[in-house]
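Input: a single structure, listed below in structure tokens.
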Amino acid sequence: MADDRTSRMRRWAPAGATFAPNPDYRTGRAFASTDHLAADAVVAYVDGVLRGAARGRAEQHLQLCPQCAADVAAQADARSLLRGCHDVSAPSSLIGELSQIPTREFDVRGLHRRSR
């Protein structure tokens, strides 16, 4: 019985899912030199918040991968441009629309029951 339950748990996917579980997926796999840096990692690297072993792996990868090195250079350029902008203003129409966004939290528990 426990084996059957464990087997079902491994095959579980949400109803209507358009994907199948990847049986070859390995948790905790090592970062391969052929893997590209994720966008979040590029931003963290440029902002100087990527630390320790993660930064070391990124630096190693950047020496081997011109595509990721170009991503880092583009992110650094964008960061410099944004930091150099002093007078940034938004159109009053945008500010007006943003001010209309509700700021209080809504209790959505049970909304589906009332809408039927």
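Values in this text are rule-based calculations from the coordinates and carry no lab data. Quick caveat, the model's predicted, so the values are computed rather than measured. As a convention, Cβ positions derive from the backbone with ideal geometry for all residues, glycine included, and neighbour counts pool all protein chains shown.
Any chance you could run the full-extension gain for Val88 through Arg55? It's 0.36 nm times the residue separation minus the Cα-Cα distance, nm to one decimal.
Numbers: separation 33, 0.36 × 33 = 11.88 nm, distance 3.23 nm.
8.6 nm is the gain from fully extending Val88 to Arg55.
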For region 40-90 (alpha-carbon point model, no solvent) the Debye-based log₁₀ I(q)/I(0) at q = 0.24 Å⁻¹ works out to -0.88
Go ahead and run the numbers for FRET between Val108 and Ala39, Cβ-Cβ distance against an R0 of 30 Å, rounding to 0.05. 0.50
Ordering 41-53, 87-99 by per-residue average of other C-beta atoms within 10 angstrom, highest first, gives 41-53, 87-99
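Based on the Cβ-Cβ distance of Leu81 and Ile101, what FRET efficiency does E = 1/(1 + (r/R0)^6) give at R0 = 25 Å, to the nearest 0.05?
Details: r = 28 Å, r/R0 = 1.11.
Here the calculated transfer efficiency is 0.35.
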